[in-house]
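What follows is calculated from the coordinates using simple rules that are stated; it is not laboratory data. Small disclaimer: the values here were computed from a predicted structure and weren't measured.
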Amino acid sequence: MTKKIRYKNMDNFQYDLYGEIYAGTAVKVGKYGFPQLAKENYIPTKNVKSFNYLLSTKNLNNYWMHCFCDDYQFERLWTRLDYYLDYILKLKGFISTDFSLYRDYSDDVLIWNCYRNRCIAYAIQKAGGIMIPTASFGSERTWDWCFDGLPMNSSLAITTNGTLNDSEAKRIFVGGVDALICKKQPSNLIVCGKYPNWLDTKYPDVNIVWIPSYSQQWQRRRAI
């Protein structure tokens, strides 16, 4: 049985603002020492929800959940993963956090958010959760390190949210996906959000699986 991550009391949290209780035993890789994640070949089922429905969803074992929503929705995983892990382990599967790597963020914030993504994903893997790592990336200045710690030939998840709104965002998205596939050669690429058809043509050897974003599901419910 995998040992669960627990704080003995909340006073301990003040000594672990940097996630070492989550990733202290991980192999650290790359320039910034991100936790190395294990290879996963899971593919999410059709029943997928956004993380903000975690506590209100019944029969969690019927659902996959993703974190392609506003960062504040899953910030609590960083501060209280010990509490939310019980719910995550009941899910059919979980797509790991996507703390934002916006192109106007400072390098310090970009590195910190990427580190947090890896720490949480590693902790869920260590606890025995069914989990697909998220491959977050920003502009070109992140591509040298933002994929460190992601497994090779694994299922990986990305989102198109906010990436197709203007020509610069689209250029960065296309280049980032190119860099990801070149460096990590994913076996399955999970794409959340608006689906660009050119993905199928450009990457014929990658099994690409689409899942709806929170806003797409919301619009669908409103239309019913």
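Assorted remarks:
- Cα-Cα separations in region 45-90 greater than 11 Å, expressed as whole percent: 66
- Checked against a 22 Å cut-off, the cross-linked pairs K90/K126; K58/K90; K49/K202 give Cα-Cα distances beyond that limit for K49/K202.
- Helical content alone sets the calculated 222 nm signal of the chain at -10500 deg cm²/dmol, taking -39,500 (n - 2.57) per DSSP H segment of four or more residues and averaging over every residue.
- In summary, region 81-121 shows an alpha-carbon radius of gyration equal to 1.40 times the 2.2 N^0.38 Å reference for compact globular proteins.
- Entry for mean projected area of the Cα convex hull in nm² (calculated from the structure that is shown) out of (1) 12.8; (2) 15.9; (3) 16.6: (1)
- Summarising the overall dimensions of region 81-207 from its C-alpha atoms, the Rg and Dmax are 14.6, 43 angstrom.
- DSSP-defined antiparallel bridges as percent of all bridges, the chain, nearest 5: 10
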